[in-house]
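Asks: Pasting a structure here, questions to come.
The values are calculated or read from the model by the stated rules, or taken from the named source; none is laboratory data. Values in this document were obtained by computation on a predicted structure and should not be read as measured data. With ideal geometry, Cβ positions are generated from the backbone for all residues, glycine too; neighbour counts draw on all protein chains shown. These area figures cover heavy atoms from the full protein model, side chains too; ligands, DNA and RNA do not enter into them. Shrake-Rupley method; radii C 1.70, N 1.55, O 1.52, S 1.80 Å.
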Amino acid sequence: MNDEFSLELSRRIREGSVFITGFHGIGFVGWIAVTHLIKILKAEKIGYVISQDLPPYAVLDKGRLSLPFEIFAAGRYVFFKSNLPIEPRQASRLTKKLAEWVVDESFKEAILIGGLDSRLKGESGDFKVVSTTAYAEKNSLRDWELLEDGLYIVGPLALLLNWFEIMDFPALVVLPYANTERVDPLAASIAVRFISEMYGLKIDVTELEARAEELERELLEAKKRMEEALEKERSTRLFYV
């Protein structure tokens with residue numbers, strides 16, 4: 001099975017851009033935050049990632065067909081959006097391809113968004129950060145609290161961070177504390193606010209905060225449908241709508 005990935009873009013990336021992504025980890029924090037940033041910044045879809053073994057997934061979003069792995073841009077901010085969880089058998093190759101592309105296209109840095117188990121939260125701070133060596137050498141980590149030694153980052157986020165470290169590329173991970181048992185729009189709003197303040201952007205998080213319960217219900221239903229579809233595909237290798 002050929003599982004190599006390639007990127008198809010409608011235009012080149014502006015040199016010095018910032019790469020931003022997140023996945024379906026704890027609380028869906030990364031995916032929710034990226035989706036909100038794309039919406040508020042009115043990012044344009046400029047491409048997608050394909051392979052010979054694309055997941056059997058297609059859905060309409062406000063009348064537009066969404067592919068499994070899409071790339072959006074708003075000015076110098078470029079987003080990779082995974083519209084479904086990345087399967088373990090694909091994760092290493094896909095994240096390596098993304099990291100190579102980011103390095104080759106001369107991005108300035110990468111911001112990765114994930115979630116951190118809220119049971120680990122102490123009395124101070126709503127999030128932790130982790131950075132590659134290259135990021136720490138070029139940038140101040142300000143007064144951000146670093147993730148404690150011995151705590152693991154897992155999944156595609158960890159793989160992408162590892163590839164950036166290996167490639168000596170500046171990348172920063174922001175990890176808001178999130179509920180492990182449900183989707184967590186409020187945790188995602190912390191990540192969005194972090195990025196907004198970091199780059200001097202005006203990104204409204206009112207919707208994530210005010211509609212947290214409603215969004216949670218919507219996302220839980222979407223998560224359930226997605227998991228059922230993926231499970232059916234794994235068991236039958238056929239998928240019909």
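Asks: Give segment 42-57 a look and list any residue that's under 19 Å from the mean Cα position of the chain (by Cα) and part of a loop (DSSP other than H, G, I, E, B), or say none.
Replies: Matches in segment 42-57: Lys42, Ala43, Leu54, Pro55, Tyr57.
Asks: Please work out if Leu65 is among the aliphatic types (A, V, I, L, M) and open to solvent by 60 Å² or more (accessible area, probe 1.4 Å).
Replies: Criteria met by Leu65.
Asks: Follow-up. Working only within segment 127-155, note down all residues that are crowded, with 17+ Cβ neighbours inside 10 Å and among the charged types (D, E, K, R).
Replies: Listed by number, the list holds a single entry, Lys128.
Asks: Going through Ala73, Ala43 one at a time, which residue ends up being touching a Leu at 6+ places or on another chain (Cβ under 8 Å) and either open to solvent by 50 Å² or more (accessible area, probe 1.4 Å) or modelled with pLDDT of 95 or more (or both)?
Replies: Sole residue among the options that is touching a Leu at 6+ places or on another chain (Cβ under 8 Å) and either open to solvent by 50 Å² or more (accessible area, probe 1.4 Å) or modelled with pLDDT of 95 or more (or both): Ala43.
Asks: Mind listing whichever residues of segment 149-161 are more than 13 Å from Ile111 (Cα to Cα) and in contact (Cβ under 8 Å) with a residue 24 or more places away in the chain?
Replies: Leu151, Ile153, Val154, Gly155, Pro156, Leu159
Asks: For the subset of segment 1-30 comprising residues that are of a type in the set (Asp, Glu) and closer than 28 Å to Ile153 by Cβ, which member is modelled with the lowest pLDDT? Before you say what the answer is, go through the steps one by one.
Replies: Just the residues of segment 1-30 that are of a type in the set (Asp, Glu), to begin with: 3-4, 8, 15.
Narrowing further to those that are closer than 28 Å to Ile153 by Cβ: 3-4.
Details: Asp3: 58, Glu4: 85.
Filtering first and then ranking leaves Asp3.
Asks: Of the residues Val183, Val192, only one is in a helix (DSSP H, G or I) and buried (at least 23 other Cβ atoms within 10 Å of the Cβ); which?
Replies: One residue alone meets the criteria, Val192.
Asks: Taking Leu172 and the conditions (1) over 15 Å from Ile40 (Cα atoms); (2) open to solvent by 60 Å² or more (accessible area, probe 1.4 Å); (3) within 17 Å of the chain's Cα centre (by Cα), which numbered condition does it fall short on, given that it satisfies the others?
Replies: Condition not satisfied by Leu172: (2).
Asks: In segment 9-32, is there at least one residue being under 17 Å from the mean Cα position of the chain (by Cα), more than 27 Å from Val183 (Cβ to Cβ) and touching a residue at least 40 places away in the same chain (Cβ under 8 Å)?
Replies: yes
Asks: Let me ask something else. Restricting to segment 86-144, give me the number of residues that are of a type in the set (S, T, N, Q), modelled with pLDDT under 95 and touching a strand residue (DSSP E or B) at 6+ places or on another chain (Cβ under 6 Å).
Replies: Qualifying residue count, segment 86-144: 1.
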